[in-house]
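Read through the structure below, which is laid out as structure tokens, and then see the notes.
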Amino acid sequence: MNDNVPCVILAAGQGKRMRPLTFVIPKALVIKNFQTLISRQISFYLSHFPRGKIYITIGHRGVLLKLYMRVRWPNLHYEFINTKNMANAFFLKKFHSNCKHNFILVMTCDNPIKIDLEFLYQEAAYHKVSILLVAILDETNSLPGDRIVSDNNGVVTELRKGLDSSLLASGLQLINLQKCIETVSEIPNPDFQSLWSLALGDKSVRVSSKHPQIWSAVDSPIDLFKKLHQNDE
């Protein structure tokens, strides 16, 4: 088992749906149950990969996030990737195709989650995927986001908003760095939709056979208030 899988936490967005809070701070620093959203994700990751390196994309109010990390996590092995005004998969341009890591874990800063990361890594490595997506079951089709359609073997055939599917992309995915860097090499400013679309053509995107034990979304101040005391530990 590779105990050094690096992680990218996406924290560069403007958090428009969280305004007016995000007029002042980045969404990653919104507090839920006495802990910032980004610290929840960091703690979750370190519980599985304590020696791993964390990359944090920054943009909106990035100076505040840098200051917070310096004070709250002074001994953490991390690095910032500035993706201000760039698409959400632009961070891939910061890695080289000869990177020593096979897979990198990618997660949003605002979707607290609990799942067996070691199992996900083993599953991705076994199937030699480009991308392994973690999905939640939303049988009511009521939550916003990208929907996943897969065949009986777990190979994803469609992935976008508006699909009639109970599988909702959770915001957590394992990416094969070398394959995905090559996939977007000709795209100056790649986003996940373009990356997924190209990888789907190669039938190299899978949905994990395991769903999160805990998952939530923080999309607005009202949503935050409603989930203020929700247990997502």
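The values are calculated or read from the model by the stated rules, or taken from the named source; none is laboratory data. Keep in mind it's a predicted model, so treat the numbers as computed, not measured. A quick note on method: Cβ atoms are made from the backbone with ideal geometry, for glycine too, and the neighbour counts reach across all protein chains shown.
Results for (1) part of a loop (DSSP other than H, G, I, E, B); (2) over 25 Å from Asp116 (Cα atoms); (3) modelled with pLDDT under 95, shown as yes or no for each residue.
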{"residue": "Gln14", "(1), (2), (3)": "yes, yes, yes"}
{"residue": "Arg40", "(1), (2), (3)": "no, no, yes"}
{"residue": "Tyr55", "(1), (2), (3)": "no, no, no"}
{"residue": "Lys66", "(1), (2), (3)": "no, yes, no"}
{"residue": "Val71", "(1), (2), (3)": "no, yes, no"}
{"residue": "Asn85", "(1), (2), (3)": "yes, yes, yes"}
{"residue": "Lys93", "(1), (2), (3)": "no, yes, yes"}
{"residue": "Lys100", "(1), (2), (3)": "yes, no, yes"}
Over the range 60-77, the set of residues surrounded by fewer than 19 Cβ atoms within 10 Å (Cβ to Cβ) and either in contact with a Lys or Arg (Cβ under 7 Å, 6 or more places away or on another chain) or under 18 Å from Met107 (Cα atoms) (or both) is Leu76, His77
All conditions in (1) over 20 Å from Leu120 (Cβ atoms); (2) touching a Pro at 6+ places or on another chain (Cβ under 8 Å) are true of Ile54 except (1)
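So that you can scan it fast, the table gives a plain yes or no per residue for (1) of a type outside the set (A, V, I, L, M); (2) under 25 Å from Pro6 (Cα atoms):
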site: Gln122; (1), (2): yes, yes
site: Val129; (1), (2): no, yes
site: Leu132; (1), (2): no, yes
site: Ser150; (1), (2): yes, no
site: Val156; (1), (2): no, yes
site: Ala169; (1), (2): no, yes
site: Leu174; (1), (2): no, yes
site: Leu200; (1), (2): no, yes
Checked Asp223, Asp219 against criteria (part of a loop (DSSP other than H, G, I, E, B), modelled with pLDDT under 90 and charged (D, E, K, R)); the one match is Asp219
Lys161 passes all but one of the listed conditions (1) in contact with a strand residue (DSSP E or B) (Cβ under 9 Å, 6 or more places away or on another chain); (2) farther than 23 Å from Leu10 by Cβ; the exception is number (2)
Flagged in the range 1-12 as at pLDDT below 90 and surrounded by 23 or more Cβ atoms within 10 Å (Cβ to Cβ), in numbering order, are Val5
When restricted to Thr57, Thr83, the only residue surrounded by 22 or more Cβ atoms within 10 Å (Cβ to Cβ), of a type outside the set (A, V, I, L, M, F, W, C) and within 14 Å of the chain's Cα centre (by Cα) is Thr57
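Any idea how many residues of the range 18-29 are under 23 Å from Ala89 (Cα atoms) and either free of Cβ contacts under 8 Å to residues at least 12 places away in the same chain or assigned to a loop (DSSP other than H, G, I, E, B) (or both)?
Residues flagged as under 23 Å from Ala89 (Cα atoms) and either free of Cβ contacts under 8 Å to residues at least 12 places away in the same chain or assigned to a loop (DSSP other than H, G, I, E, B) (or both) within the range 18-29 amount to 2.
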Scanning the range 86-132 residue by residue, those among the acidic types (Asp, Glu) and over 13 Å from the mean Cα position of the chain (by Cα) turn out to be Asp116, Glu118, Glu123
